[in-house]
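Student: My structure is below; once you've seen it, I'll send some questions.
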Amino acid sequence: LSAVSDNVLRISPFLMLGEPGVGKTDFMLTLTNDLNTRLEIIDISTSQSGAALSGSDHFWGNTKTGMLFNTLMYGDLANPIILLDEIDKGRNSDDYDPLAALHQLLEQRQAKTFYDLSVPEIKIDASHVLWIATANKIELIESQIVDRFTVFNISIPNKDQMRVIVNNLYQRFIEQNPAGLYFEKTLNPDVLSYLCQYHPREVRKVLEQAFGLAACEQRNYLIQQDLRPSNNQKNKAIGFIN
């Protein structure tokens, strides 16, 4: 639709629903890079009010504009991606609802006339913002909010998908880490198969440690003994002891 019209990218708000650590946020970082746009992330689990989105009321002495106002007013893009991370963990109350502004902002017609609470005299057109959210449990989200999103269920990767994920994580280290040039370009098949049994988030942590262990032994390749999942290690005390 964009290609046959005015070349403006328009994506309806969508929600990625799935277990923690399956790669929802990582996907967003990749998508933002591919779309060559700006990404702003709001961690809803730590938001105690809607000020992060729509600012704080102007009658407060310490009033501040919200992230949306700052992004559109001071940025160079009218269609940034705003990721609402862990939208199901919002601390909602009668007085402070971190998602209250979404009732307006997720409706394109209403988003054309958005006002930040800190500077209510300035009208902003937020109708081109690309809204994406992540969540673990959809039942914890207000139904009126869910109805404004297209929901995608992200399942736990199967074995074939895990092979792709593991290889991608390995290649990302090789290409992006300063130490990547030291190691072999491809992952040992036995190490690859061993890593596929873990959760994607755990694979990333195990790989990072494995590269360090291999480097300590002056090896430029990984072996299975380098793979030490954190949940299998004994707890070690840190701090002062008698």
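Student: Anything in region 1-21 that is closer than 20 Å to LYS137 by Cβ and either touching a His at 6+ places or on another chain (Cβ under 8 Å) or acidic (Asp, Glu) (or both)? List them, or say none.
Tutor: GLU19, GLY21
Student: Looking at region 1-17, which of the residues that are farther than 15 Å from ASN79 by Cα and not in a strand (DSSP E or B) is most open to solvent (accessible area, probe 1.4 Å)?
Tutor: Step by step, filter region 1-17, then rank; the result is LEU1.
Student: Looking at region 200-242 only, could you name the residues that are at pLDDT below 85, open to solvent by 50 Å² or more (accessible area, probe 1.4 Å) and not in a helix (DSSP H, G or I)?
Tutor: Those that are at pLDDT below 85, open to solvent by 50 Å² or more (accessible area, probe 1.4 Å) and not in a helix (DSSP H, G or I): GLN233, LYS234, ASN235, LYS236, ALA237, ILE238, GLY239, PHE240, ILE241, ASN242.
Student: Check region 164-184 and report whether any residue there is in contact (Cβ under 8 Å) with a residue 24 or more places away in the chain, buried (at least 18 other Cβ atoms within 10 Å of the Cβ) and not in a helix (DSSP H, G or I).
Tutor: Within region 164-184, one or more residues are in contact (Cβ under 8 Å) with a residue 24 or more places away in the chain, buried (at least 18 other Cβ atoms within 10 Å of the Cβ) and not in a helix (DSSP H, G or I).
Student: Quick one: would you say ASN33 is part of a helix (DSSP H, G or I), open to solvent by 40 Å² or more (accessible area, probe 1.4 Å), modelled with pLDDT of 85 or more and out of contact with any Phe, Trp or Tyr (no Cβ under 6 Å at 6 or more places or on another chain)? Walk me through it before giving the result.
Tutor: Values: part of a helix (DSSP H, G or I): yes; open to solvent by 40 Å² or more (accessible area, probe 1.4 Å): yes; modelled with pLDDT of 85 or more: no; out of contact with any Phe, Trp or Tyr (no Cβ under 6 Å at 6 or more places or on another chain): yes.
Against the criterion (part of a helix (DSSP H, G or I), open to solvent by 40 Å² or more (accessible area, probe 1.4 Å), modelled with pLDDT of 85 or more and out of contact with any Phe, Trp or Tyr (no Cβ under 6 Å at 6 or more places or on another chain)), ASN33 does not qualify.
The values are calculated or read from the model by the stated rules, or taken from the named source; none is laboratory data. This structure is a prediction, so every number in the text was calculated from the model and none was measured. Because the Cβ atoms are built from the backbone with ideal geometry, glycine has one as well, and the counts that use them run over all protein chains shown. What goes into the accessible areas is simple: the full protein's heavy atoms, side chains included, and nothing from ligands, DNA or RNA. Shrake-Rupley method; radii C 1.70, N 1.55, O 1.52, S 1.80 Å.
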